[in-house]
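Input: a single structure, listed below in structure tokens.
The values are calculated or read from the model by the stated rules, or taken from the named source; none is laboratory data. Bear in mind that the values here come from a model prediction, so they are computed numbers and not experimental data. Cβ placement follows ideal geometry from the backbone for every residue including glycine, while neighbour counts extend to all protein chains displayed. Protein only, heavy atoms only, side chains kept; ligands, DNA and RNA dropped before computing areas. Shrake-Rupley method; radii C 1.70, N 1.55, O 1.52, S 1.80 Å.
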Amino acid sequence: MVTILDKLDPELFRTYAFWSVVLVLKMLLMSALTSLTRIRKKVFANPEDAATVSRKLQPVFNDPDVERVRRAHRNDLENILPYFLVSFLYLLTGPSVAFAANLIRAAALGRILHSLVYAVVVIPQPARFLSFALTMGITIYMGLQCVAYYL
């Protein structure tokens, strides 16, 4: 019996799996970066967290540095999770292995670069837009290929 996974090229799936894990780890690091930024700036969202440092500290919800990291993390959640689904379905369409592998690599590097220029080393626009647009464009391309294939 042929299963849906039989349609996957093993080498291409290995590339997909590797870069997917890298992106998941990157998203987890964004959580850690948020926590480290809160600790470094002594800016906590919960009274019990603030009290561990000083009873005089009050919760703060609008620190620009913390909010920048949180926005970068939210942007990851809004874009990487749909990318995972669309790119996996794209793999099942039987794309060119080399082309699809390069798309997967470029999308992952685009998201890594996006976090770096948004939350780690802030670089003026259009750096953030270009890194965002790279992965978004790839996701849209893969999505359109899936629509055409599965239509």
- Quick one: what pairs do we get from the range 101-128, first residue of a type outside the set (A, V, I, L, M), second surrounded by fewer than 21 Cβ atoms within 10 Å (Cβ to Cβ) and part of a loop (DSSP other than H, G, I, E, B), C-beta under 9 Å, 6+ apart or different chains? R128/V122
- Task: Under 7 Å between Cβ atoms, at least 6 apart or on separate chains: pull out the pairs that start in the range 3-19 with a residue that is within 15 Å of L103 (Cβ to Cβ) and among the hydrophobic types (A, V, I, L, M, F, W, C) and end on any residue that is open to solvent by 80 Å² or more (accessible area, probe 1.4 Å) and part of a helix (DSSP H, G or I).
- Result: W19/R105
- Message: Is it the case, given these coordinates, that S54 is within 14 Å of the chain's Cα centre (by Cα) and hydroxyl-bearing (S, T, Y)?
- Response: no
- Item | Matching option when the condition is touching a Lys or Arg at 6+ places or on another chain (Cβ under 6 Å), within 25 Å of L28 (Cβ to Cβ) and β-branched (V, I, T), among V86, V66 | V66
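In the range 5-57, what residues are assigned to a helix (DSSP H, G or I) and farther than 27 Å from R70 by Cβ?
Going residue by residue through the range 5-57, those that are assigned to a helix (DSSP H, G or I) are 5-7, 10-41, 47-53.
Scanning the range 5-57 gives L5, D6, K7, P10, E11, L12, F13, R14, T15, Y16, A17, F18.
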- Query: In the range 19-69, which residue that is among the charged types (D, E, K, R) and under 30 Å from S87 (Cα atoms) is most open to solvent (accessible area, probe 1.4 Å)?
  - Reply: R68
- Any idea which residue in the range 82-98 is least open to solvent (accessible area, probe 1.4 Å), counting only those that are of a type in the set (A, V, I, L, M, F, W, C), part of a helix (DSSP H, G or I) and within 14 Å of M142 (Cβ to Cβ)? L91
- Message: Out of everything in the range 8-18 that is of a type outside the set (A, V, I, L, M, F, W, C) and open to solvent by 40 Å² or more (accessible area, probe 1.4 Å), what residue ends up being nearest to the chain's Cα centre (by Cα)?
- Response: R14
- Check V60, V2 and return the single one that is modelled with pLDDT under 85, farther than 27 Å from V122 by Cα and in a loop (DSSP other than H, G, I, E, B). V2
